[in-house]
Amino acid sequence: MTETRADLVYDPYDFAIDADPYPVWRRLREEAPLYRNGEHGFFALSRYDDVAAGLQDWDTFRSGRGTVVDVIASGAQIPPGIILWEDPPLHDAHRKLLAKVFSPRRMLAIEPRIRAFCATALDPLVGAAGFDVIADFGAFMPMRTIGYLLGIPEADQAAIRDGTDSAIGLRDDSSAPVFDQGNFERSAEVFADYIDWRAERPADDLMTELLRAEVEEDGVSRRLTRAEVLTYTSVVAGAGNETTTRLIGFMAQLLAEHPEQRAELAADPALIPGAVEEALRFEPPSPVQARWVARDVRYHGEPVPEGSIMLLLNGSANRDPRRFTDPDRFDIHRRGGHLAFGHGLHFCLGAALARLEGRIALEELLRRWPRWEVDYAGAARAHTTSVRGWGRLPLVVG
């Protein structure tokens with residue numbers, strides 16, 4: 001079996017590994033390209049070609065039972081509307097509906113508003129010796145953006161974001177978390193009053209579109225149920241807040257560690273989109289995708305039985321030297337794709353929004369502060385079941 005070295009352990013719940021998983025992932029790619037963790041009961045693929053093919057092969061690697069280990073292991077019944085945790089044909093119908101919130105028209109129209117959110121967060125900090133790029137900016141701007149798209153009042157957005165953080169956060173790394181089925185109902189019901197209020201006061205936002213939307217099942221069109229509208233809204237709110245916050249933190253960290261590249265960006269903002277892509281490759285906020293294995297398969301000469309849990313390590317794939325030259329070097333001039341947003345059927349629906357927010361965030365930071373350093377003594381990681389990154393990241397600016 002593939003788990004042959006006692007000193008080669010990949011544990012996604014170990015905080016020390018989560019803080020810097022790349023040495024372990026490097027060993028997996030070289031020593032155990034199909035890895036099995038007996039304690040938590042999963043397999044893992046770490047090489048780019050294996051991960052990319054696995055992400056595309058939805059018929060073998062299913063999302064319908066969840067995409068994190070503890071959810072799949074729990075056997076929880078997934079409510080309809082969580083498109084990350086759905087397979088075709090239901091996934092396709094629901095994705096078509098949610099794509100409306102990320103349409104090219106909306107992305108074009110929202111840029112001035114994102115810049116205004118940045119100004120609201122950053123202008124009061126000008127002249128200060130430093131600030132926390134997560135608490136003061138990285139958590140604020142995505143929250144305002146997704147709240148605007150959904151139609152959630154600004155006064156309520158922080159409480160909703162904090163509730164999401166609490167639901168997915170890990171308290172310690174002593175054991176694997178036990179998934180609570182009640183999380184589905186609790187996270188959706190947060191939006192109940194907003195949905196009811198918006199039903200009587202339609203506007204140009206996602207809630208209104210969902211309330212009016214129809215989905216086709218077995219050739220028959222129907223309106224979404226109230227429960228489906230609640231679930232959709234919860235999914236967009238959670239995904240739109242957490243991952244972009246972590247992306248902003250990683251960009252601030254990486255450019256502090258590479259001041260010469262930061263200076264290039266300050267001098268030529270046209271380079272910023274490429275810097276965002278390299279940050280996504282180098283430190284993807286969502287680096288591990290779990291799947292339920294729907295049929296017996298073999299990888300690297302070893303069997304993976306039907307019913308297993310497979311981790312597709314897209315964060316490891318992004319550092320695979322078989323795909324990328326000098327992959328552990330951060331380089332804003334690098335060209336080529338990455339798997340930070342997934343691949344195939346479940347390619348991140350909000351990728352265009354994340355890229356837009358990342359670009360604007362860097363432009364607005366560099367416009368005000370062309371130089372900064374990280375105060376690592378005050379920094380702290382945020383450990384969750386699905387996303388990795390900084391929970392606190394104080395910057396010293398100048």
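A few notes on this one:
- Qualifying residue in the range 309-326 (condition: surrounded by fewer than 21 Cβ atoms within 10 Å (Cβ to Cβ) and of a type in the set (S, T, N, Q)): yes
- Restricting attention to the range 176-208, the residues that are in a helix (DSSP H, G or I), at pLDDT 80 or above and under 24 Å from the mean Cα position of the chain (by Cα) total 2.
For every residue, the table says whether it meets (1) at pLDDT below 90; (2) more than 19 Å from V288 (Cβ to Cβ); (3) touching a strand residue (DSSP E or B) at 6+ places or on another chain (Cβ under 6 Å); (4) not small (G, A, S).
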| position | (1), (2), (3), (4) |
| --- | --- |
| A44 | no, no, yes, no |
| R47 | no, no, no, yes |
| L55 | no, no, yes, yes |
| F61 | no, no, yes, yes |
| G64 | no, no, no, no |
| T67 | no, no, yes, yes |
| I72 | no, no, yes, yes |
| Q77 | yes, yes, no, yes |
| I83 | yes, no, no, yes |
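- Failed item, numbered, when T67 is tested on (1) surrounded by fewer than 22 Cβ atoms within 10 Å (Cβ to Cβ); (2) touching a Ser or Thr at 6+ places or on another chain (Cβ under 9 Å): (1)
- Matching option when the condition is crowded, with 19+ Cβ neighbours inside 10 Å and more than 17 Å from S308 (Cα to Cα), among L45, L84, L34, L90: L84
Here is a yes/no grid of residues against (1) surrounded by 20 or more Cβ atoms within 10 Å (Cβ to Cβ); (2) acidic (D, E); (3) free of Cβ contacts under 8 Å to residues at least 12 places away in the same chain; (4) in contact with a strand residue (DSSP E or B) (Cβ under 8 Å, 6 or more places away or on another chain):
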{"site": "A352", "(1), (2), (3), (4)": "no, no, no, no"}
{"site": "R367", "(1), (2), (3), (4)": "no, no, yes, no"}
{"site": "A380", "(1), (2), (3), (4)": "no, no, no, yes"}
{"site": "G398", "(1), (2), (3), (4)": "no, no, no, yes"}
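- Test: residue in the range 18-26 that is surrounded by fewer than 22 Cβ atoms within 10 Å (Cβ to Cβ), assigned to a helix (DSSP H, G or I) and of a type in the set (G, A, S): yes
- Scanning the range 341-373 for residues that are of a type in the set (A, V, I, L, M, F, W, C) and touching a Gly at 6+ places or on another chain (Cβ under 8 Å), we see that the one that is nearest to F250 (Cα to Cα) is A361.
- Qualifying residue in the range 71-84 (condition: out of contact with any His (no Cβ under 8 Å at 6 or more places or on another chain), among the hydroxyl-bearing types (S, T, Y) and under 30 Å from D11 (Cβ atoms)): yes
- Being under 22 Å from F282 (Cα atoms) and within 20 Å of the chain's Cα centre (by Cα) is a description that applies to L55.
- Some residue of the range 225-248 being of a type in the set (A, V, I, L, M), outside any helix (DSSP H, G or I) and touching a Lys or Arg at 6+ places or on another chain (Cβ under 9 Å): no
- Candidates in the range 208-232 are the residues that are over 18 Å from H91 (Cβ atoms) and in contact (Cβ under 8 Å) with a residue 24 or more places away in the chain; of these, the one that is surrounded by the fewest Cβ atoms within 10 Å (Cβ to Cβ) is R226.
- Condition check for D326: acidic (D, E) and closer than 23 Å to G54 by Cα: no
- Residue within the range 307-322 that is among the polar types (S, T, N, Q) and free of Cβ contacts under 8 Å to residues at least 40 places away in the same chain present: no
The values are calculated or read from the model by the stated rules, or taken from the named source; none is laboratory data. Computed from a predicted structure; not experimentally measured. No Cβ is skipped: glycine too gets one built from the backbone with ideal geometry, and neighbour counts run over all protein chains shown.
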